1. How do the strands (runs of 3 or more DSSP E) wholly within the stretch 1-62 filter down when requiring 2 or more residues that are assigned by TED's automatic domain parsing to the domain that holds residue 74, more than 27 Å from residue 180 (Cα to Cα) and acidic (Asp, Glu): which remain?
2. Can you confirm whether residue 141 is closer than 18 Å to residue 21 by Cα, modelled with pLDDT of 90 or more and in a helix (DSSP H, G or I)?
3. Please go through the stretch 21-65 and pick out each residue that is among the small types (Gly, Ala, Ser) and over 19 Å from residue 112 (Cα atoms).
4. Could you list, in sequence order, the residues of the stretch 22-69 that are surrounded by fewer than 15 Cβ atoms within 10 Å (Cβ to Cβ) and closer than 30 Å to residue 133 by Cβ?
5. Need pairs with beta-carbon distance below 7 Å; first residue without any contact (Cβ under 8 Å) to a residue 40 or more places away in the chain and within the stretch 17-46, second exposed (fewer than 15 other Cβ atoms within 10 Å of the Cβ) and acidic (Asp, Glu); sequence gap 6+ or separate chains.
6. Go through the stretch 152-185 and give me each residue that's at pLDDT below 90 and exposed (fewer than 13 other Cβ atoms within 10 Å of the Cβ).
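The values are calculated or read from the model by the stated rules, or taken from the named source; none is laboratory data. Everything numeric here is computed off the predicted structure, so don't read it as measured data. Heads up, the Cβs are rebuilt from the backbone with ideal geometry, glycines too, and the neighbour counts pull from every protein chain shown.
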Amino acid sequence: MLNEIASDAETRMKKSVESVVDHFKKIRTGRAHPSILDSVQVLYYGAPVPLQQVANVTVEDARTLMISPWEKQTVSDIEKAIYKSDLGLNPSSNGGVIRVPMPALTEETRKVYIKQARAEAESARVSVRNIRRDANSDLKDLLKEKDISEDEERRGQDGIQKLTDKYVAEIDGLLVKKEADLMEI
């Protein structure tokens with residue numbers, strides 16, 4: 001029972017870390033990276049589809065993404081989807097290829113993005129702590145039902161705390177890396 005609670009908590013904590021990684025991908029740095037467009041949904045034959053399913057996204061140079069649609073008639077739909085995505089990007093097409101220049105980040109926008117990254121990291125930390133609380137509550141319930149001893153409960157709580165510390169440290173490391181990326185000129 002203790003192993004089940006610990007493995008469930010660890011699985012949920014991993015998902016919290018994966019979530020913060022996904023959110024960090026959406027925060028734009030000064031460099032071009034295809035993952036910036038992961039959240040873009042293109043209207044393709046009436047249904048919203050991820051951009052990667054209708055086009056190839058590559059890095060043309062350090063500040064430009066190049067999008068090569070598989071069907072020429074989807075160029076305007078892809079452009080509209082990028083405009084509507086709230087990423088602050090302005091695509092331009094010349095026939096069958098769309099180029100998306102990455103605007104240079106000002107000091108002010110860098111600070112806004114860092115603040116956004118910190119908020120995402122704090123949200124993930126809170127999520128990990130809530131998972132710890134749930135797992136400890138499950139251990140207390142088992143103790144009340146006399147399914148485990150007090151020593152087993154203490155060992156279980158110590159294990160859950162170690163998991164919590166591990167995943168909070170991982171989130172903090174990801175945040176430090178993202179802040180360094182954002183401050184890099």
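1. So the answer is none; nothing clears 2.
2. Against the criterion (closer than 18 Å to residue 21 by Cα, modelled with pLDDT of 90 or more and in a helix (DSSP H, G or I)), residue 141 does not qualify.
3. Correct list: 35, 39, 46, 47, 55, 62.
4. 22 - this is the single residue of the stretch 22-69 that is surrounded by fewer than 15 Cβ atoms within 10 Å (Cβ to Cβ) and closer than 30 Å to residue 133 by Cβ.
5. 25/38
6. Within the stretch 152-185, 180, 184, 185 qualify.
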